[in-house]
Amino acid sequence: MLTDTLIRKTKTPAKPTKLTDERGLYLLLAPSGGRWWRFKYRYAGKEKLLSVGTYPDVSLAKAREARDEARRTLAQGTDPSAERQQEKRQKADAAANDFATVAREWLENVKPKWAPVYHGDTLKRFEAFVFPAIGRRPIAEVAAPELLALLRRIEARGTVETAHKVARACGQVFRYGIASGRCERNPAADLRGALKARPKPKHMAALPASELPTFLRKIADYDGEVQTRLALRLMALTFVRTTELRGATWGEIDFDKAEWTIPAERMKTNTPHHVPLSQQAVEAFRTLQLMNGKWPWVFAGRGPTTPMSKNTVLFALYRMGYHGRMTGHGFRALASTALNEMGYRPDVIERQLAHTEKNAVRAAYHRSQYLEERRTMMQQWADYLDSQRGDGQKVVAFKRERRS
């Protein structure tokens, strides 16, 4: 029989050597210095070996326990090696079918259909709230109570809306798990009515059209950075989203065609958006080019590798006295209201707002059909803004004939 003292005193041999214990257990010493426990046994008339670990990570006592467990398995008519391989397969299957793995696979599948920002936000919520709690759990074993527990923790942070978004995303993962054979039911469906009610949506602050003349004059007189004043002017002239404006690069601006093409990956709708530029908008971009033309960003940030801060426009509106009354999104609402009152076709206005048509065939037709009409509308809109800033006439004074 072996002892720990004997094992420690045995020097590394010049060739592989066995130190035999009893009942089939021995320690294999290698010239490289490695020491491996092995259990030799016979099953179905054949001699076989079972690895028990390495010394000293596995002590003599632990090796004997593993040997005795293997002998009990043999006594029950099962091959210990086959049983171990089965356990390894089960662990591998569990790892491939844990919630995090299935969720990441689902996210990869939906990635081409989603806007990058939305996809990224969904992944961040999984990584922040879901994976730490149930990420390593086999998806088939996740039950409604533990899913509810993690959602309750999100609610406790005061982020009820986030809890609902997480619950919805988890439900989609479970449905994908059912379709791919990883689980049989969706516990998220059992939570209907269990979460706190969603807060009522808050509409983005936007000025009434009657305040447009004063607002435009305040933009023209803005005493902050020139870049910020031009950003405010272009928000009014193009009414794109703030994130689309601040992320603009010079490669997107075609001065010859007087057109700004925002690529799909920067759009909420994951569809390229063509923005016809009025003469006034082109002039604003030309001024910015003189200021920032050496950088990739139209609106340069503090360094050459980052664009203007996402809060620049909002803080400028605060400085102008519009805290709580106007936001970046408010430019869109204000333009939509005014243009509808002025008689422009709603479909054309919606296309300019990048509100996409759900019917793909109809959408493709409308993109080509409406571009020239939008180009005319945007020039007339820019002229109208200049007239409002200059003499303060009412919004309804610039009506155009409605189309039948």
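The values are calculated or read from the model by the stated rules, or taken from the named source; none is laboratory data. Here the structure is a predicted model, which is why all the values come from computation and not from measurement. Heads up, the Cβs are rebuilt from the backbone with ideal geometry, glycines too, and the neighbour counts pull from every protein chain shown. Heavy atoms of the whole protein, side chains included, go into the accessibility calculation; ligands, DNA and RNA do not. Shrake-Rupley method; radii C 1.70, N 1.55, O 1.52, S 1.80 Å.
Within region 96-109, can one find any residue that is over 23 Å from Arg182 (Cβ atoms) and open to solvent by 50 Å² or more (accessible area, probe 1.4 Å)? So far as region 96-109 goes, no, none of its residues is over 23 Å from Arg182 (Cβ atoms) and open to solvent by 50 Å² or more (accessible area, probe 1.4 Å).
The rows are residues; the columns are (1) open to solvent by less than 40 Å² (accessible area, probe 1.4 Å); (2) more than 54 Å from the chain's Cα centre (by Cα).
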site: Ile7; (1), (2): yes, yes
site: Thr12; (1), (2): no, yes
site: Gly24; (1), (2): yes, yes
site: Trp37; (1), (2): yes, no
site: Asp57; (1), (2): no, no
site: Lys62; (1), (2): no, no
site: Glu65; (1), (2): no, no
site: Ala70; (1), (2): yes, no
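Within region 265-305, the set of residues being within 21 Å of Arg229 (Cα to Cα), among the β-branched types (Val, Ile, Thr) and open to solvent by 50 Å² or more (accessible area, probe 1.4 Å) comprises Thr287 only.
Taking region 14-62 as the range and being more than 23 Å from Glu83 (Cβ to Cβ), among the hydrophobic types (A, V, I, L, M, F, W, C) and touching a Pro at 6+ places or on another chain (Cβ under 7 Å) as the test, the residues that pass are Ala14, Leu29, Ala30.
Within region 254-264, is there a residue that is at pLDDT below 90, under 31 Å from the mean Cα position of the chain (by Cα) and open to solvent by less than 30 Å² (accessible area, probe 1.4 Å)? Checking region 254-264: at least one residue is at pLDDT below 90, under 31 Å from the mean Cα position of the chain (by Cα) and open to solvent by less than 30 Å² (accessible area, probe 1.4 Å). The residue that is nearest to Ala103 (Cα to Cα), counting only those in region 134-184 that are in contact (Cβ under 8 Å) with a residue 24 or more places away in the chain and among the polar types (S, T, N, Q), is Gln172.
The criterion of being crowded, with 20+ Cβ neighbours inside 10 Å, aliphatic (A, V, I, L, M), within 29 Å of the chain's Cα centre (by Cα) and modelled with pLDDT under 85 does not hold for Ala363.
Would region 49-57 turn up any residue that is among the acidic types (Asp, Glu), part of a strand (DSSP E or B) and without any contact (Cβ under 8 Å) to a residue 12 or more places away in the chain? Checking region 49-57: not a single residue is among the acidic types (Asp, Glu), part of a strand (DSSP E or B) and without any contact (Cβ under 8 Å) to a residue 12 or more places away in the chain.
The conditions of being touching a residue at least 12 places away in the same chain (Cβ under 8 Å), open to solvent by less than 30 Å² (accessible area, probe 1.4 Å), β-branched (Val, Ile, Thr) and in contact with a Cys (Cβ under 9 Å, 6 or more places away or on another chain) are met by Val130.
Residues in region 67-91 that are closer than 14 Å to Ala44 by Cα, of a type in the set (S, T, N, Q) and in a helix (DSSP H, G or I): Thr73, Ser81.
Going residue by residue through region 226-246, is there one that turns out to be open to solvent by 50 Å² or more (accessible area, probe 1.4 Å) and within 26 Å of the chain's Cα centre (by Cα)? Taking every residue of region 226-246 in turn, at least one turns out to be open to solvent by 50 Å² or more (accessible area, probe 1.4 Å) and within 26 Å of the chain's Cα centre (by Cα). Would you say Ser180 is of a type in the set (Ser, Thr, Tyr) and open to solvent by 70 Å² or more (accessible area, probe 1.4 Å)? Judged against the criteria, Ser180 is not a match.
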